[in-house]
Amino acid sequence: MRHSGRDTARVLRRALQLTVVAVTLAGLGCQIKLVADYDEITDRSVTALQREFELFFIDVERNLYTPDAVYDNYIGFYDEVRAELSVIRVRAAARPKNEITVEQLDLVAQNVDNLEELHKLGFESPEELEPLRAAFQQSFQAILTLELAKKRGQ
């Protein structure tokens, strides 16, 4: 039995179609991970650190026009949050494909340095504190948004 060129082309076309489908299905089973998996400890640690900052801003604002708001009374706070940031950062850096979280934590650390310098100069009004508080909230929200996206597998 002889096959025409048309039959050969049809068989070849069908084989190529099946190959495309097979490769596509195989690819669906292999997910490319561009970021680290969710880390519950990072999530909880960042949330706890964000709480510390909220308490700091509440306390400074409450004591703003008193000697209790001066920088010297908050040196322990700055030491504590730097230590916490360092612990969280080391953990984040130890996890493969976690560079975004590490960069975000580095930005928070830079903002701690900036906040400390401003505090040394002295805060003058609640209005001065609000953009600082908002900046830290946004930083922590970005870190937590990424962690929660990791948890959902996005």
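Assorted remarks:
- Residue within segment 65-82 that is assigned to a helix (DSSP H, G or I), under 17 Å from the mean Cα position of the chain (by Cα) and over 20 Å from Arg44 (Cα atoms) present: no
- Cβ pairs under 8 Å, 6+ apart, first in segment 111-130 and in contact (Cβ under 8 Å) with a residue 60 or more places away in the chain, second in a helix (DSSP H, G or I) and not charged (D, E, K, R): Phe123/Val60; Phe123/Ala69; Phe123/Leu129; Leu129/Phe57; Leu129/Val60
- Restricting attention to segment 123-154, the residues that are of a type outside the set (A, V, I, L, M), closer than 29 Å to Tyr38 by Cβ and touching a helix residue (DSSP H, G or I) at 6+ places or on another chain (Cβ under 7 Å) total 5.
- Any hit, segment 120-134, residues being under 18 Å from the mean Cα position of the chain (by Cα), in the same structural domain as Thr47 (by TED's automatic domain parsing) and either part of a helix (DSSP H, G or I) or over 30 Å from Ile41 (Cα atoms) (or both): yes
- Scanning segment 87-108 for residues that are among the small types (Gly, Ala, Ser), closer than 15 Å to Ile143 by Cβ and either over 13 Å from the mean Cα position of the chain (by Cα) or surrounded by 15 or more Cβ atoms within 10 Å (Cβ to Cβ) (or both) gives a single hit, Ala92.
- Of the criteria (1) of a type in the set (Lys, Arg); (2) on the phi < 0 side of the Ramachandran plot; (3) outside any helix (DSSP H, G or I), which one Lys97 fails: (2)
The values are calculated or read from the model by the stated rules, or taken from the named source; none is laboratory data. Model, not experiment: these values are computed from the prediction. All Cβ positions, even for glycine, are placed from backbone atoms using ideal geometry, and neighbour counts span all protein chains on display.
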